[in-house]
Each structure stands twice: as C-alpha cells, then as structure tokens.
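Worksheet: the structure to be examined is printed underneath.
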Amino acid sequence: MLTRKEETLLEALEPAATQAGIEIVTVEVAGAKKAPTIKVYIDTPSGVGFDQLAAAQKWIGAIMDDIDPFPGAYTLEVSSPGIDRPLRTPEHFTKFAGEDVLITCRGPVSGRSKWTGVLRGFQDGSVIVEAEGESVSIPLEDIKRARVKGKIDFNA
C-alpha cells in the first residue's frame, strides 16, 4: 500500500510517534518529484486536536529535516485522518469493520480494480468486503489505497 519512500518515512516517524502516544495512520507523498508534498496523518485514541497537530508538526518536521527525504524543497502537511480515514494495517481493517469503504487495487481482483462496499474485517491476510450482495476477499498486498467512505448526516 505504501511506496518504498513512504514506508521509509513511516519507519522513521513511528518510534517518536509511539513515544508521544500517537498513531501514524499513514504517510502519503504526492505532487511533483522536485517539490513533493509529504502528508502525515496522525490519530490518538481520543482523537486529534489543534494542539496535538501543532506539537506533532514540530517533531515530525525535525525528523524530516534530519533525514532530508527529498533534497531541495518539499511541503509537510500533518493532519487528522478525517472522515474518509485511510486504512492501511490489518488492525485498521478490523477496527473499522461495518463501515462503508472505497478500495482501489493494484490490478483486478475478481475482475475489478475498484470496490465500494461494507468492510467485514480482515482474515487470513485479506480484507473482506461485501459489495453488491457478494463477499469479496482482497489480499492486503493487492490493495493500492483503502479509505472509509465518509458520511455526513445533515439532519443530526
């Protein structure tokens, strides 16, 4: 699910995040190769507030400066995962079972590369999704991107 560069950045950040009681939900590198944007999504059991984001921005920025992942310019964004939370680990797929999800695969799985359905969990190295009345097992290594499908109830 992560590129080699994203995996390297995640590995560099995780020890400090663990010490701070923060989960690095995922890391994304986007944009131009000469001046990319590094997006770091963080969370805690009680959610993420502005003060936590500001503090995390400082230590994440310091780690990025030390490893200099992209010589030259890059932009760092630190944010909460939001309502369309990225899913990356077996624990994420277990925790968010019952939620609507959007999954993009690296190639076709059961004839399709994109799946929208209800997440049923994680079993034997695969994500289980109920889509269009059928249960589909998608191997974790075949998933390019997975997110909770955000819902907003304007009547609440």
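Readers should treat all values here as calculations from the given coordinates under stated rules, not as data from a laboratory. Just so it is clear, the structure is predicted and the values come from calculations on it, not from any experiment.
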Choice from 15, 81, 45 showing the highest fluctuation, given a GNM over the chain with Cα pairs closer than 10 Å
45
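Taking every DSSP beta bridge that has both residues in the stretch 4-79, what percent is antiparallel when rounded to the nearest 5? Kindly include the intermediate steps, with their values, before the conclusion.
On the way: 7 of 12 bridges.
About 60 percent, rounded to the nearest 5.
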Mind telling me which of 88, 112, 120 comes out most flexible in a GNM of the chain, alpha-carbon contacts under 10 Å?
112
Could you derive backbone 3J(HN,Hα) for the stretch 146-151 from the dihedral phi with the Karplus parameters 6.51, -1.76 and 1.60 (θ = phi - 60°), listing whole Hz in sequence and x where the residue is Gly or Pro?
9, 9, 5, 7, x, 10
For the chain, please report how many Lys pairs fall under 21 Å Cα to Cα, leaving out neighbours fewer than 8 apart on the same chain.
15
Using alpha carbons only, how many degrees (0 to 90, rounded to 10) separate the axis of helix 4-20 from the longest principal axis of the chain?
70
